[in-house]
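The values are calculated or read from the model by the stated rules, or taken from the named source; none is laboratory data. Everything quoted here is computed from the prediction, not taken from an experiment. Every residue, glycine as well, gets a Cβ built from its backbone with ideal geometry; the counts of neighbours run over all protein chains shown. These accessible areas exclude ligands, DNA and RNA; they are computed on the full protein's heavy atoms, side chains included. Shrake-Rupley method; radii C 1.70, N 1.55, O 1.52, S 1.80 Å.
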Amino acid sequence: MKVLVLNGPNLGRLGKREPGIYGSTTHDDLVALCERTGEQLGIEVEVRQTDFEGEMVGWLHEAADRAWPVVLNAGAWTHYSIAVRDAAAQLTADLVELHISNVHKREPFRHTSYLSDIATAVIAGLGVRGYPLALRWLAEAGE
Ligand code: DQA
């Protein structure tokens, strides 16, 4: 079983970016955490990050064609991108929408998600520890 972890804009700057909100873990650390979790769970995990919406749409198409489950932190696209939503809606396997911060405790514009109603589950506010939890759930769901 393979799970794709897709991170959207500005998440490549984890560790430097607003550490009071997003923590001190870098994106490289996050990749290592996800890969280590995949090894423990006996599943293949691939982590990708992009600041380009079209690239994200292409990765979602790939996941749809391969029937891969996806953990998606779409960053700001969550709150306004119909293109990312339309691509994510084509997934046939599980979609976990993930946010490092609790978006519901933050600015009102972050309370809207174009993904939540098409996602299997939503994780928000658990920091980067949400990623291994999402992977564990997907591994168990796929057993
Ligand atoms: C985020 C929350 C979004 O509102 C924000 O635009 C991000 C990161 C999170 O992980 O908490 O870039 O998705």
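How large is the translational diffusion coefficient of the chain in µm² per second when you combine the Kirkwood radius over alpha carbon pairs with Stokes-Einstein at 20 °C and 1.002 mPa s? Before the final figure, lay out the partial values.
Values: Rh = 14.9 Å.
It diffuses with D of about 144 µm²/s by this estimate.
If packing is taken as the average count of other Cβ atoms within 10 Å, what order do 14-24, 28-38, 92-102 fall into, highest mean first?
92-102, 28-38, 14-24
Considering only protein heavy atoms, with the full assembly of protein chains and a 1.4 angstrom probe, order 123, 82, 118 by accessible area, largest first.
Per-residue accessible area, sorted high to low, gives 82, 118, 123.
From the gyration tensor of the Cα coordinates in region 1-83, what semi-axes in whole Å does the equivalent ellipsoid have, largest first, with each one equal to sqrt(5λ)? Don't skip to the end; give the middle numbers.
Details: eigenvalues 85, 74, 14 Å².
Calculated on Cα positions only, the semi-axes equal 21, 19, 8 Å.
Given only helices, namely DSSP H runs of n ≥ 4 each adding -39500 (n - 2.57), what is the per-residue ellipticity at 222 nm of the chain, to the nearest 500 deg cm²/dmol? Don't skip to the end; give the middle numbers.
Numbers: 5 runs with 52 residues, N = 143.
Result for the chain, helices only: -11000 deg cm²/dmol.
If you place +1 on the Cβ of every Lys and Arg, -1 on the Cβ of every Asp and Glu, and leave all else neutral, what size is the dipole of the chain about its Cα centre, to the nearest 20 Debye?
Dipole of the chain, to the nearest 20 debye: 500 debye.
Out of 79, 95, 43, whose Cα points farthest toward the positive end of the dipole of region 32-141 (charges: +1 Lys, Arg; -1 Asp, Glu; placed on Cβ)?
The residue sitting most towards the positive pole is 79.
To the nearest 20 debye, what is the magnitude of the charge dipole of region 39-99 about its Cα centre, counting +1 on the Cβ of each Lys and Arg and -1 on the Cβ of each Asp and Glu? Show your work: numbers first, answer last.
Working: 3 positive and 11 negative charges, 31 e Å.
In debye, rounded to 20, region 39-99 gives about 140.
Looking at region 39-143, which chymotrypsin sites (Phe, Trp or Tyr not before Pro) are in a loop (DSSP not H, G, I, E or B) and have at most 10 other Cβ atoms within 10 Å?
Answer by residue number: 52.
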